[in-house]
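Undergrad: This is the structure I have questions about; it appears just below.
Laboratory data are not the source of any read-out in this text; all were calculated from the coordinates shown. Treat the numbers as computed from the prediction; the structure is a model and nothing was measured. So basically every Cβ, Gly included, is an ideal-geometry build from the backbone, and we count neighbours across all protein chains shown.
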Amino acid sequence: MEDSDRSRHDHFLRLFMEQEERLRIFVRSLLFSREEEREVMQEIAIVLWRKFDPATDQTAFARWAFGVARMECLAFRRDRGRDRHHFGEEVFDLLAEVVLEQADHLEEEHQALQSCLQKLPSDHRSLLESAYAPGVKIESLARTLNRTPMAVYKTLHRIRLILMECTQRILTAAEPT
Amino acid sequence: MKITDPRFDLIRRCHDGEASPAELAELEAHLREDPSFRNAYVRYIQMDLSLGRMAPQHSKPQTGPIQSAHLASSWRWIPAMAAGLVLGMFTTSLIFAFSERNPATPTQITKLGDGGFGERIGKVPSGFPPAFGLWSGDDSEFVRNDPQGGPPALRFVRAERESMLPSAGAGSCDVYQLIDLSALKSKASSGEATLSLSVQFRDARASEGETVRFIARIYLFSGAPDSIQAGWPLNRREALAIGSNQIDSRGGSPDSRSHVTAQVFLPPLADFALVHLIANKPDFRAPTNAQATFGEQFIEEVQLTLKTPLAPPPAISRR
């Protein structure tokens, strides 16, 4: 690998890694499905790498990457021709704005979440670990637990809300007065 | 927005794929008109992604009760691990199925050693492959012809526990082959070549039974194979890129074949590939030390193809 290629590669990696989680949140907020999010993220990563200009700075890369993500989500919806409701482009822009604002606090959120997870009852933690393990389908997990998929979905939802409230409380307490 | 707000249930229904078109339209209206709902919606998505990211990625899907003693350490966000995790997620991001929107053409076909299992017969060597071009792995065997008269094949026999994960039950029968990529270095230098792993599986059960999942994976690594051999499979996150695809079978069509293709972006730094083919029983639940058995599941053909794009990447103007 030539030095210039390596330098381009390293520079791209740094910029992409800074944005990857934000892009993932943005894509998921538009497509809902974990599988679709992964598929579109792969396309986004490929497009960004192919068209990457090494002169791009951090701010310009973020703006460009969100533009590419927006286009890839639109293309994905168009190509799949899914007969379902799709957000209008105004909502795309509003969501991108929120993701970029909230992303400044991602690291603090992660730390707060870690603390909140430790406070959960063990059966809730067990359920989370099972439900979020790679490749697990809620339907088969529900069979294992002798519960309906709907009951598992609802329990996971309640746990997410508990964690959201807990992390919000920690982050609010940590804010400078 | 308080978590008691009933609109959180709307988010859940959309998130879990239960929402009607009218509810999706309602969600969009709230997103457009209410900034606090928008913030809450993005936080909910972020929470879901964070939980997925913090889950223990090294484990196989859990299907039984989980000991809480394991959880304290597994559900921990460890800053020192974050960089590696992010890099791992990035390389995973480069797993992709080459779509119609990105037309590619095969320019070179690299056949795996023994890709068709033509001349060999008997047990597949146990453990991690000792050299390039050799199949090895869990309990499996080369068969010249299966009872229905099919082509030469590799037959999955029995799952084995991972030596690095001795406390886990075994639902997967894994076989491996190492591929030397040094001859492809010049092709990889553009950063746009892809490797396509295509595998023909067969489930010869005459009647339907429990689900068997056939998985085709390809990992790309830099360095020498012995650097990963000792720590396999816990060190698979060190891969530069991973391609994976799978198909489920319940049997009942012994003459049909399942084709699984996994594609992966070929980074210029890749020195070798590890092909990993799996027969897995996803519903297998058993106490420690139990091993799933197979016997009627086969790999009939494996092919690795290098693909390069038709056209050079579009130029980008410098500011």
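Undergrad: Among A:Ser115, A:Gly67, A:Gly88, pick out the residue whose Cα is farthest towards the positive end of the charge dipole of the range A:65-133, where Lys and Arg carry +1 and Asp and Glu carry -1 on C-beta, about the Cα centre.
TA: My answer, from the dipole projection, is A:Gly88.
Undergrad: Rounding to the nearest 10 and keeping the result within 0 to 90°, find how far the Cα-based axis of helix A:34-50 lies from the longest principal axis of chain A.
TA: Computed tilt is about 20 degrees.
Undergrad: Using Cα centres only, tell me the gap between the range A:33-96 and the range A:132-177 in whole Å.
TA: 27 Å
Undergrad: Continuing with this model, one more query. Does the range B:196-308 come out rounded, prolate or oblate by the C-alpha gyration tensor, with a ≥ b ≥ c the root eigenvalues, rounded set by a/c under 1.5 and, if not, prolate when a/b is larger than b/c and oblate if not?
TA: On the way: a/c = 2.96, a/b = 1.51, b/c = 1.96.
Oblate, because a/c is 1.5 or more while a/b does not exceed b/c.
Undergrad: Can you compute 3J(HN,Hα) from phi for each residue in the range A:57-69, using the Karplus curve 6.51 cos²θ - 1.76 cosθ + 1.60 with θ = phi - 60°, rounded to whole Hz and x for Gly and Pro?
TA: 8, 4, 5, 5, 4, 4, 4, 5, 4, 5, x, 5, 4
Undergrad: Helix A:3-31 sits at what angle to the longest principal axis of chain A, using alpha carbons and giving 0 to 90 degrees rounded to 10?
TA: So the helix axis and the longest Cα principal axis differ by about 40 degrees.
Undergrad: HN-Hα J couplings of the range A:137-151 from phi, Karplus 6.51/-1.76/1.60, θ = phi - 60°, integer Hz, Gly and Pro as x?
TA: 3J(HN,Hα) across the range A:137-151, in whole Hz: 9, 4, 4, 6, 4, 4, 4, 4, 8, 6, 10, 7, x, 4, 5.
Undergrad: So, one more: Counting pairs of alpha carbon atoms under 8 Å apart in space and at least six apart in sequence, what relative contact order in percent does chain A give?
TA: Numbers: 84 pairs, mean separation 34.7, N = 177.
Computed value for chain A: 20 percent relative contact order.
Undergrad: Using modelled backbone amide H atoms (1.01 Å from N, in-plane), which distant-in-sequence or interchain residues come within less than 5 Å of B:Asp271's amide H?
TA: Residues meeting the criterion, in which the H sits 1.01 Å from N, are B:Phe221, B:Ser222, B:Gly223.
Undergrad: Moving on. Past 22 Å, Cα to Cα, is the threshold; run B:Lys281/B:Lys307; A:Lys137/B:Lys2; A:Lys51/B:Lys307; A:Lys137/B:Lys281; A:Lys119/A:Lys154; A:Lys154/B:Lys281 against it and keep the listed order.
TA: B:Lys281/B:Lys307; A:Lys137/B:Lys2; A:Lys154/B:Lys281
Undergrad: Using only C-alpha atoms and all pairs of different ones, pull out the Kirkwood radius for the range A:119-177 in Å with one decimal.
TA: Taking every pair of different Cα atoms in the range A:119-177, averaging 1/r and inverting gives 12.7 Å.
Undergrad: Enumerate cysteines in chain A without a disulfide-compatible partner, where compatibility requires another Cys Cβ under 4.7 angstrom.
TA: A:Cys73
Undergrad: Based on the alpha-carbon gyration tensor of the range A:18-177 and its eigenvalue square roots a ≥ b ≥ c, which shape applies: rounded if a/c is under 1.5, prolate if not and a/b is larger than b/c, or oblate? Before the final figure, lay out the partial values.
TA: On the way: a/c = 2.17, a/b = 1.31, b/c = 1.66.
Oblate.
Undergrad: Based on the mean of other beta carbon atoms within 10 Å per residue, what is the order of B:121-129, B:135-143, B:193-201, A:29-37, most packed first?
TA: Per-residue mean Cβ counts within 10 Å order the peptides as B:193-201, B:135-143, A:29-37, B:121-129.
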